[in-house]
Structure formats: structure tokens, C-alpha cells
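The values are calculated or read from the model by the stated rules, or taken from the named source; none is laboratory data. This one's a predicted model, so the numbers in the text were calculated from it and none came from an experiment. Neighbour counts are summed over all protein chains in view; Cβ atoms, including those assigned to glycine, are modelled from backbone coordinates with ideal geometry. Only protein heavy atoms, including side chains, enter the accessible area calculation; ligands, DNA and RNA are left aside. Shrake-Rupley method; radii C 1.70, N 1.55, O 1.52, S 1.80 Å.
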Amino acid sequence: MDKKLNKKEVENLEKRILRKQVLVWDHLLQKEKEEAFVIGNRYKTFLDNAKTEREAVSEITKCIIKEGFSDIDNLSKSKKNTGKYYKIFHNKAIALAIIGTKPLKEGLNIIASHIDSPRLDLKQNPIYDDISLALIKTHYYGGIKKYHWLVRPLALHGRVIIKNGSAIDIKIGEAETDPVFMISDLLPHLAAKQNIKKLSEAFEGEKLNLLAGSIPTGDTKTKNRFKLTVLKHLNKQYKIIEEDLISAEIEAVPAGKARDVGMDKSLIGGYGQDDRICAFTSLEAILKLDKPERTAVTMFFDKEEIGSEGNTGAKSQFLEQFVSDLQNIQKKDTSQRSLREILINSSALSADVNAGIEPDYKDVYEENNAAAIGYGICITKFTGVKGKSGASDANAEYIAKIREIFNNNNVIWQTGELGKIDVGGGGTIAKYLASYGMDIVDCGPPVLSMHSPFEVSNKADVYMTFKAYKAFLEDC
Ligand code: MN
Ligand code: MN
């Protein structure tokens, strides 16, 4: 029988064997707190400048060119040996690399995030008249709660390829003097029927139509005269004709800038933090890197929110092609066998957010295994739904390695699942990279109100995520 321990002995035992969850704000020195606010401000600017995947690619490109990265697809002689390269894929995904001192065949350290977010895409025949108003039809992209998008200012961001083949980038609704768009909803007085419907049925996809104008062009005999007004403005401002909208990708996103939230300004509210919080912090991490041992790679994928499909998602050949390019410019073996060897020997973080515990909805989380904002970056061993189905489930050996790197570098981290068993779940890009045989685990900060137009993160977690990614790229 164990002997009864005295108070001091119990305390020592606790200290020795219990895991203690640390609140980042309790841990940071004054200087680090200030740094967290500085990085938080840079992050807000990134969110404002990168509301779509295309804008994220151009914002990232702007940042890295200043730091001496060269376009691997257009290397001039003088830029051949910078050791810092980038590759843009169809303008909607981008990869960066800093060549390490070790050969590529020993593996890469890869951080992969995604730069697409839930939103409302314009349909290809979007504009129509109804009740003497011009309206614009949308088709939602990714998992949204449709009512979040009603009665709030929305902006249009996107690219239109006009008849002569040139690309026109449009952005309406962000400047102070710009108009915005909105989706109207029923007044409470007439919503009795709507109110008793199930939430999933009360708001229909085909009713997510944007209000776009009310002045007619022509007279009462003119057909579609409100639509004509909208097209007239688009034509005047952007030289667009109606058929051009078919060769276009225009996204309705929440208008306005990211903001500090809370009296202490410790939180950040804004659109698209899933997953630009990981895109931004992994970008900051690679930019702060000196010559690493293993080649450091950061990937920024598109289409995660709809299953990583298409030629810009994580299921595409983008990573393989980039690795092949990196071998090629160093005059190394680009055979399939050699590329497979590099990828098998690689270590990766699937940099994506987890769901922080919502104070008012604790019942959908299992609190011992849920992430909380303010407690640092979250290691998510597995994703998936109903018995880990569809998950990438990381190896214990690899998590041990990541845990050691974080602990050695003073990174405050936590672990969590996405909700209770059979209640929550989800998928990330982890499983697509795992299929190459590399080690990979999901690892990113928690956010509140995920997939809403105003997601919330904690500046302390932004800071810790940056530190974690930098430590991974340096030490893994
Ligand atoms: Mn995500
Ligand atoms: Mn998501």
C-alpha cells in the first residue's frame, strides 16, 4: 500500500508528472506581449489585403520579393543562386522555399496552409431584375451558416477575363466612398413561418441574392432596365460586358477591415482567419529564417474549403512539381523515384485552425480534449468524423518530435479535437500530403466563430503560432 503523502510531496508529484495548460498571456514577458501586438497589427493588414486566394497570392508575392525570393519559373542568370524561390500556381496557390545546407533527398520541412475561405461566389449569369430592383445571384462556397451572410455589408472581389483576353481585377465595397452590397431578409413581423422552420431550411441558397441597384436605364419599355444600369456601371468602370461575367471569378466577401476586439484589444476579429492566420504566421516564419539545415518550404493552397479539389488544391500536382523544380535548378535528379524519396523523408505541418471552445456552447466540446483560445498553438493529432473516418491520424513518434521542438523553443501549445465524438469533425489537407508517405500533423491556432464573416483569434495565439512555425522550420 502507498504511504500517505504530505502536502509538499503531493505538490512535488503534481509538478513532476502532471501536464499544466499554460495561458500564453500569463507566460509572456512584457517585451513579448508588445511583440504579440505588433505582429497582430501586421496580421490585420494581411487580412485586409488578402480577402481572396488571388489577393493572398499577390500579397505574399509582394512580401517575398522584398526579401529576395526569385520566381522559379522565370529565373534570370543573376537570380539563379539566391537559394530563396517561389512558384505561383494558376494565380491561386503559391509555394516558397529556402534551400537548406543538407541535400533535398534528406527531406524538406513543409508548412502547408490554405488561402481560400468560405464566401459567396457570383453565378455565371448573375444579374437580374425583380420588383424594380437589380439583384445578383450567388452560389455559396464552403461550409457556411447561411444566415450569417444576411443583412450585412458585402464587397465584391475578383477577376474577370474580358473579351480581348486581358484580366481585370475588381474590388468594390472596401473604399470609404465605395458602395457595398447586401442580402435582404424578412422583417420579424412577417417571419412567423420562417421562425418555425429548422435553421438548416429557413435560409435557402437560392435566396442569397445581393441587392445591386434601383435606378432604371431607358424607359418602361426597356427590358431588364435595372440590370442594364448595373452593367452600365461595370462597363464604365471596368470595360466589362455581360458575357465577360461568364469568364470570371467574383466573390462576395464581408466588407470592411479586421478590427481589434475587446477593451484590452487582445483579440482580432475579421473575415477569412481560417486559414489566413496560418498563411500569415508561416509566411512570417519563413521570412525570419536564416540558412536552415533542411530545405524549408511553405505551401499556400487553394480549394481546401471544398475538399482540396481542382488544379490549385492540395490534391493537385503542385507540391511534386515544385520539388521537381527545386531539384532541377540545382541540377539534381528529377526522376519520380528521387522525388518520392524527398517527399517520403519530409516532415510537414498541416497548418490549419481548430475550433476554440465557445463559452456559450460548451456542450459540443469535450473539454479535456478541446482547444481554447489564448492557450497557444493546437496540435490536432487526427481530424475526420464518426470514428476518425477520413482522417489523417499522425504517428506518436512524429508528435513526440514536434512536442520536443515546441518545448525546446518555449512555444506554448495545446492539443484538441474538433468537437465531441459523433458531434463534430472535419477534414484538412493533411491526408493529401500524408499520401506521399511524409510525416504530417495538423497544427494551428484555435479561433472562435469559425467560418463566419467575423472570425475571432487571440493575438497571443498568433504570436505563438509564428514562434512554433519558425521553430519547426529551423529544428525539425
Ligand atoms: Mn481551414
Ligand atoms: Mn475551413
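Taking a point 7 Å from the Cα of Leu133 along the Cα-to-Cβ direction, the residues of region 173-198 with backbone N closer than 11 Å to it are 182-187.
Cα-Cα over 24 Å: which of Lys123/Lys232; Lys105/Lys470; Lys105/Lys388; Lys20/Lys459; Lys145/Lys198; Lys33/Lys84? The pairs that break the limit, which is 24 Å between Cα atoms, are Lys105/Lys388; Lys33/Lys84. The candidates Arg152, Arg276, Arg294, Arg16, arranged from most to least accessible area with a 1.4 Å probe in the full protein assembly, appear as Arg16, Arg152, Arg294, Arg276. Under the combined filter of DSSP loop state and at most 11 neighbouring Cβ atoms within 10 Å, region 332-418 retains these trypsin sites (Lys or Arg not before Pro): Lys386. Sequence-ordered 3J(HN,Hα) estimates for region 118-134 from the Karplus curve with 6.51, -1.76 and 1.60 and θ = phi - 60° stand at x, 5, 10, 7, 6, 5, 6, 10, x, 8, 8, 9, 7, 6, 6, 9, 9 Hz, glycine and proline given as x.
What lysines could a cross-link reach from Lys193, if we take a straight Cα to Cα line under 18 Å and drop same-chain neighbours fewer than 8 places away? Qualifying lysines at Cα under 18 Å: Lys146, Lys207. A DSSP coil position with no more than 15 other Cβ atoms inside 10 Å describes the following trypsin sites (Lys or Arg not before Pro) in region 414-476: Lys420. Express the Stokes-Einstein translational diffusion coefficient of region 119-254 in µm² s⁻¹, to the nearest whole number, given a Kirkwood radius over alpha-carbon pairs, 10 °C and a viscosity of 1.306 mPa s. Approximately 100 µm²/s, per Stokes-Einstein. Stretching Lys291 away from Glu320 to a fully extended chain increases their span by 8.2 nm, per 0.36 nm per residue minus the current alpha-carbon distance. Contact order, relative form, for the chain: 22 percent (alpha carbon pairs under 8 Å, 6 or more residues apart, mean separation divided by residue count).
An oblate overall shape is assigned to region 117-171, the ratio a/c of its alpha-carbon gyration tensor axes (a ≥ b ≥ c) being 1.5 or greater and a/b not exceeding b/c.
Which value in Å is the Kirkwood Rh of region 269-315 over different Cα pairs?
By the Kirkwood definition, the hydrodynamic radius is 12.4 Å.
Think of it as helices only: each DSSP H run of n ≥ 4 in the chain is worth -39500 (n - 2.57), and spread over all residues that comes to -9000 deg cm²/dmol at 222 nm. Each residue of region 101-111 is assigned a 3J(HN,Hα), and the resulting list reads 6, 7, x, 4, 5, 7, x, 10, 9, 10, 10 Hz, derived from the Karplus form 6.51 cos²θ - 1.76 cosθ + 1.60 (θ = phi - 60°), x at Gly and Pro. Give the angle, between 0 and 90 degrees and rounded to the nearest 10, that separates the Cα long axis of helix 7-17 from the longest principal axis of the Cα atoms of the chain. So the inclination is approximately 70 degrees. For region 119-254, the relative contact order works out to 38 percent when only alpha carbon pairs closer than 8 Å and six or more residues apart are counted. Here region 1-40 and region 435-476 have alpha carbon centers that stand 22 Å from each other.
Solvent exposure of Phe37, expressed as accessible area, is near 70 Å², computed with a probe of 1.4 Å over the protein chains only.
Give the residue list of trypsin sites (Lys or Arg not before Pro) in region 223-255 that are DSSP loop and have at most 14 other beta-carbon atoms within 10 angstrom. Here the trypsin sites (Lys or Arg not before Pro) that fit, given the DSSP loop and packing criteria, are Lys223, Lys239. Relative to one another, the C-alpha centroids of region 257-274 and region 112-138 are positioned 26 Å apart.
Working from label points 7 Å from Cα in the Cα-to-Cβ sense, the Gln336 to Lys62 distance is 4.2 nm. Relative to the longest principal axis of the Cα atoms of the chain, the long axis of helix 273-287 lies at roughly 50 degrees.
By definition, a body whose alpha carbon gyration tensor gives a ≥ b ≥ c is oblate when a/c is 1.5 or more and a/b is not larger than b/c, and the chain fits this oblate description. Dipole magnitude for the chain: about 540 debye, using +1 per Lys or Arg Cβ and -1 per Asp or Glu Cβ, origin at the Cα centre. The H on the amide N of Thr415, modeled in the peptide plane, is under 5 Å from the matching H of Ile379, each at least 5 residues off or on a different chain. 3J(HN,Hα) couplings calculated from phi for region 181-196 with the Karplus curve 6.51 cos²θ - 1.76 cosθ + 1.60 (θ = phi - 60°) are, in sequence order, 10, 7, 10, 7, 10, 5, 5, x, 4, 10, 9, 4, 5, 4, 4, 9 Hz; Gly and Pro show x. Region 377-422 and region 160-182 have Cα centres lying 41 Å from one another. Cross-link partners of Lys401 among aspartates and glutamates, defined as those whose alpha carbon lies under 16 angstrom from its own and excluding same-chain residues fewer than eight positions apart: Asp393, Asp439, Asp442, Glu474, Asp475.
For His189, the accessible surface of its heavy atoms amounts to roughly 150 Å² (probe 1.4 Å, protein chains only, rounded to the nearest 10).
Per-atom-type breakdown for the chain gives carbon and sulfur 52% of the accessible area (1.4 Å probe, protein chains only).
Taking all protein chains as they are arranged and a probe of 1.4 Å, the heavy atoms of Asp178 leave approximately 50 Å² accessible to solvent. Taking a ≥ b ≥ c as the square roots of the eigenvalues of the Cα gyration tensor, region 351-475 is oblate, since a/c reaches 1.5 or more and a/b is not larger than b/c. Against the longest alpha carbon principal axis of the chain, how many degrees, from 0 to 90 and to the nearest 10, is the axis of helix 459-475 turned? With rounding to tens, the tilt is 60 degrees.
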